[in-house]
1. Does P106 satisfy the condition of being farther than 30 Å from P302 by Cα and either within 24 Å of the chain's Cα centre (by Cα) or not small (G, A, S) (or both)?
2. Looking only at segment 416-434, which residues are more than 15 Å from E395 (Cβ to Cβ) and either of a type in the set (F, W, Y) or not in a strand (DSSP E or B) (or both)?
3. Filter segment 225-283 down to the residues that are under 21 Å from the mean Cα position of the chain (by Cα) and hydroxyl-bearing (S, T, Y) and list them by number.
4. Collect the residues in segment 164-218 that are out of contact with any Leu (no Cβ under 8 Å at 6 or more places or on another chain) and among the polar types (S, T, N, Q), keeping them in residue-number order.
5. For a quick check of your reading of the model, give me the residue pairs whose first member lies in segment 115-131 and is farther than 19 Å from A272 by Cβ, whose second is among the hydroxyl-bearing types (S, T, Y), with beta-carbon atoms closer than 7 Å and at least 6 apart or on different chains.
6. Suppose we keep only residues that are part of a helix (DSSP H, G or I) and β-branched (V, I, T) within segment 386-415. Which one would you say is nearest to Q205 (Cα to Cα)?
7. Please pick out the residue among V416, V381, V386, V338 that is closer than 22 Å to G227 by Cβ and under 18 Å from the mean Cα position of the chain (by Cα).
8. Please count how many residues of segment 181-195 are at negative phi and in contact with a helix residue (DSSP H, G or I) (Cβ under 8 Å, 6 or more places away or on another chain).
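The values are calculated or read from the model by the stated rules, or taken from the named source; none is laboratory data. Just so you know, these numbers come straight off a predicted model, no measurement behind them. Quick reminder, even Gly has a Cβ in these numbers, built from the backbone with ideal geometry, and neighbours come from all protein chains shown.
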Amino acid sequence: MSIRPLLDLTAAAAAEYLDGVPERSVVPTADALAALGSLRRPLPDGPADAEQVLRELHAVGSPATVATTGGRYFGFVIGGTLPAALAANWMAGAWDQNGGLSVLSPAAAAIEAVAMGWLADVLGLPAGVAGGFVTGATMANFTGLAAARHALLARAGWDVEAQGLFGAPPLTVVVGDEVHVSALKALALLGLGRERVVRVPVDGQGRMRADQLPPLDGRTLVLVQAGNVNTGALDPAGEVCSAAREAGAWVHVDGAFGMWAAAAPARAHLAAGVELADSWAVDAHKWLNVPYDSGVAFCRHPDAMRAAMATAAAYLVRGDEREPDDYTPEVSRRARGVEVWAALAALGRTGVADLVERCCRHATRFAEGFSAAGHEVLNDVQLNQVMVRFGGSDEATRRVIAAVQADGTCWCGGTVWQGRAAMRVSVSSWATTEEDVERSLAAILRLASGILAEA
């Protein structure tokens, strides 16, 4: 039986969905959400026609999605999906390759190695870094921090992979006061603890104050943030790395989205010094705009990364070239490098720079529009993040956020910044146009005006 009719149907349904995204509400309607109830039924006793299954999935599922792949979703740092990356994702799905070992998929291993090199290049990382494709920044942080844990304890004569942490020499973990929750989760998973950290004060933009670093030594792990999730600000990596290097400490960079500043010449100065660290975490499903899920862990010290991540068994056939699972927590996994390769091949160096720069320009336009209307922008908009406050009160701000989310023209999230409620606008999608920005800005200002007039 040919699978082509089913794939043709799928392509048509996907194209219909994507064609409708620009004009649909960013959030699903109440009717669309109610229709999801039709899926809650007992497991069928027998097989069903695959085409009918796909038709139901499209009819019920597509209207109930959030249009994060469109140009007017600004709620979180979520990129859309580049056409080349989406097509490559479909191709990789058809291949159905296990990306763990080269013997399982020579194609996936080779493509991944090329994509890893391109990524390191465009992000300005040093030659010879090791890397692995993981699910996202949480696991990328986990991987880089695991390499750090190995290296720091190995210097103290302790094999943490063999002996665990029971009786191990203590490590000091230093973070900024605005450390992201994903990094804390990674520390918890590694047994280093969310609360056993030394917190460094931050400035008004959430950047770690390098002049407030505690004493560092050869058993210290410093976690730097490249891209505050509220302000977009990057910690002063150069200063931190200089102090850490003198003391023999390890620096890990949580650069989920902020590290992409290095790819845009006009913004690269914001990421100065990031390349001096020992390990890095970055997302591809954010500013590179590849499909979920896709994160990347890099490490300056390949031996430490392999020691923390590699597995061995008699039945696992290993070749002479780079083995992907030596650098990731997973053994079996999908071939994430395929869509990353496609995105970079399609964009090229200048295309990546333009994608980052356009998003930053759109964020600046939002900030200018808010300020011109008399609303308070709380951050220095240097990257893709904008925080705005309405009416000078938490209550008014939260009412505007709720109204924007219910309206559906665009979607923006709420946050609390240094004790004050704010709306957060994150511009991360290749699909966002100037028209999307103006349309969204007009809707937000209209809703805010009405709410403040009522007040």
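1. Details: farther than 30 Å from P302 by Cα: no; either within 24 Å of the chain's Cα centre (by Cα) or not small (G, A, S) (or both): yes.
The answer is no for P106.
2. Filtering segment 416-434 down to residues more than 15 Å from E395 (Cβ to Cβ) leaves 417-418, 424-434.
Answer for segment 416-434, where residues must be more than 15 Å from E395 (Cβ to Cβ) and either of a type in the set (F, W, Y) or not in a strand (DSSP E or B) (or both): W417, Q418, V427, S428, S429, W430, A431, T432, T433, E434.
3. Result: T231, S279.
4. Hits for segment 164-218 are S182, Q205, Q212.
5. Cβ pairs passing all conditions: A130/Y327; G131/Y327.
6. Here the answer is T397.
7. Numbers: V416 fails: under 18 Å from the mean Cα position of the chain (by Cα); V381 fails: under 18 Å from the mean Cα position of the chain (by Cα); V338 fails: closer than 22 Å to G227 by Cβ.
None of the other options fit; the residue is V386.
8. Narrowing segment 181-195 to residues at negative phi: 181-190, 192, 194-195.
Now drop any that are not in contact with a helix residue (DSSP H, G or I) (Cβ under 8 Å, 6 or more places away or on another chain), which leaves 182-183, 185-187, 189-190, 192, 194.
Matching residues across segment 181-195 total 9.
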